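The values are calculated or read from the model by the stated rules, or taken from the named source; none is laboratory data. As the structure is a prediction and not an experimental result, all values here were calculated from the model. Heads up, the Cβs are rebuilt from the backbone with ideal geometry, glycines too, and the neighbour counts pull from every protein chain shown.
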Amino acid sequence: MLYYLIPTTTKYKDIVLPKLLNSLHTQNNIIIAVNNAEENKIEQRDNIITYYSTNNSFEYLVLPVALELLKEDDHIFWLHDTCECGEKFDSIINGFDYTHYNFVDVYHGQCNFGIYSISFLKKDQEFISSLSNIDKTNAVEFEGRYYHKFRNKMGAFPNSTVVNKETVDVYNNGTKRLVEYYSGIDLYKFKANWWFRRDWVVTA
């Protein structure tokens, strides 16, 4: 079974998640992994499971959450909370035969977008366990790790490119973001860190 895994934070989830969740045409099999929670707990409302963790692993929280909650023959699609799905997103993802791959890459490991098998992730459990309470610099450095390190038995969505569109205050909170469009899966990413900098921005 395929699950959409969405990392977010306690501070910003109510700002950024509505746009993404409203754009997911199937509301089945969604797991939200919340960093920096006051307590560890799991809630389920409708078809959405929300996993609250007191740790902060940024987007990598989806990995230990997936290993804890899902079965070995399940798969995840790794999203970000600052995304919006286009009309074709669901049909593209669900129409791809991902069962023969360790993971399916979207665009050269960028943002770690893609489909990952739980059986494959279990083999990387030592690294995943090391991700608890990492900082944003480490999170950025690890981006694309699976694409670069585990190229064998990797699939890829066809005709996938990234188009930089405009910079927009997407969430009306004073933060301008670069709108990236991933054509191969009809997905928009709203990126705060779109210029070279050493002090990474963590914001809604």
Discussion item. When you scan the stretch 160-169, do you find a residue that is buried (at least 17 other Cβ atoms within 10 Å of the Cβ) and at pLDDT 90 or above, even just one?
Written reply: no
Worksheet entry | Considering residues of the stretch 183-200 that are surrounded by 13 or more Cβ atoms within 10 Å (Cβ to Cβ) and in a loop (DSSP other than H, G, I, E, B) only, the residue modelled with the lowest pLDDT | Trp200
Discussion item. Residues to consider are Asn138, Asn112; find the one that is polar (S, T, N, Q) and touching a strand residue (DSSP E or B) at 6+ places or on another chain (Cβ under 6 Å).
Written reply: Asn112
Practice prompt. Return the total of residues in the stretch 13-32 being assigned to a helix (DSSP H, G or I) and either touching a residue at least 60 places away in the same chain (Cβ under 8 Å) or in contact with a helix residue (DSSP H, G or I) (Cβ under 7 Å, 6 or more places away or on another chain) (or both).
Written response: 7
Response to the item:
Across (1) hydrophobic (A, V, I, L, M, F, W, C); (2) under 15 Å from the mean Cα position of the chain (by Cα); (3) within 17 Å of Leu5 (Cβ to Cβ), Phe96 clears everything bar (2)
Worksheet, complete the sentence: Filtering the stretch 110-122 for residues that are surrounded by fewer than 21 Cβ atoms within 10 Å (Cβ to Cβ) and closer than 17 Å to Thr99 by Cα leaves a count of 4
Worksheet item: Just one of the numbered conditions (1) in contact with a strand residue (DSSP E or B) (Cβ under 8 Å, 6 or more places away or on another chain); (2) buried (at least 17 other Cβ atoms within 10 Å of the Cβ); (3) not polar (S, T, N, Q) is not true of Glu39; which one?
Response: (2)
Response to the item:
Of those in the stretch 58-103 that are among the β-branched types (Val, Ile, Thr) and without any contact (Cβ under 8 Å) to a residue 60 or more places away in the chain, the residue surrounded by the fewest Cβ atoms within 10 Å (Cβ to Cβ) is Thr99
Worksheet item: Out of the stretch 144-182, which residues are assigned to a loop (DSSP other than H, G, I, E, B) and under 17 Å from Ile115 (Cβ atoms)?
Response: Gly144, Phe150, Arg151, Asn152, Lys153, Phe157, Pro158, Asn159, Ser160
Worksheet item: Under 8 Å by Cβ, and 6 or more places apart or on different chains, what pairs join a residue from the stretch 40-57 that is among the charged types (D, E, K, R) with one that is surrounded by fewer than 15 Cβ atoms within 10 Å (Cβ to Cβ)?
Response: Asp46/Gln27
